[in-house]
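The values are calculated or read from the model by the stated rules, or taken from the named source; none is laboratory data. Since the structure is predicted, the reported quantities are computational estimates derived from the model, not experimental observations. Please note: Cβ atoms are built from the backbone with ideal geometry, for glycine as well, and neighbour counts cover all protein chains shown. These accessible areas exclude ligands, DNA and RNA; they are computed on the full protein's heavy atoms, side chains included. Shrake-Rupley method; radii C 1.70, N 1.55, O 1.52, S 1.80 Å.
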Amino acid sequence: MAWVLENTVLELPFVTRDSDGISIPNGQDAHVETANWLRDETDLDDFVIRATMSRLPPEWPDDG
């Protein structure tokens with residue numbers, strides 16, 4: 001798991017590491033980037049992504 005975190009997860013542009021651990025910042029830009037990545041890279045439905053990412057704008061996923 002440590003290898004995956006270091007070599008896969010931490011390379012994602014919306015993931016950060018700080019003294020509290022590894023996370024996705026709680027801002028709209030990071031949530032949109034994460035949601036778009038989930039949409040492209042997984043088979044999750046948009047409603048599941050929207051329910052998970054609390055900072056998405058109302059127009060997501062149609063905002064680009």
Original post:
Would you say residue 35 is over 10 Å from the mean Cα position of the chain (by Cα) and part of a helix (DSSP H, G or I)?
Top reply: no
Original post:
For the subset of the range 1-15 comprising residues that are of a type in the set (Val, Ile, Thr) and open to solvent by 50 Å² or more (accessible area, probe 1.4 Å), which member is farthest from residue 56 (Cα to Cα)?
Top reply: 4
**OP:** Starting from the range 21-43, keep only residues that are without any contact (Cβ under 8 Å) to a residue 60 or more places away in the chain, then list their pairs with residues that are small (Gly, Ala, Ser) and assigned to a helix (DSSP H, G or I) whose Cβ atoms are within a distance under 6 Å, requiring at least 6 positions of separation or different chains.
**Re:** 24/30
**OP:** Among residues belonging to the range 51-64 that are of a type outside the set (Phe, Trp, Tyr) and either open to solvent by less than 50 Å² (accessible area, probe 1.4 Å) or in a helix (DSSP H, G or I) (or both), point out the one that is modelled with the lowest pLDDT.
**Re:** 61
Original post:
How many of the residues making up the range 38-50 are over 22 Å from residue 5 (Cα atoms) and either open to solvent by 90 Å² or more (accessible area, probe 1.4 Å) or within 8 Å of the chain's Cα centre (by Cα) (or both)?
Top reply: 1
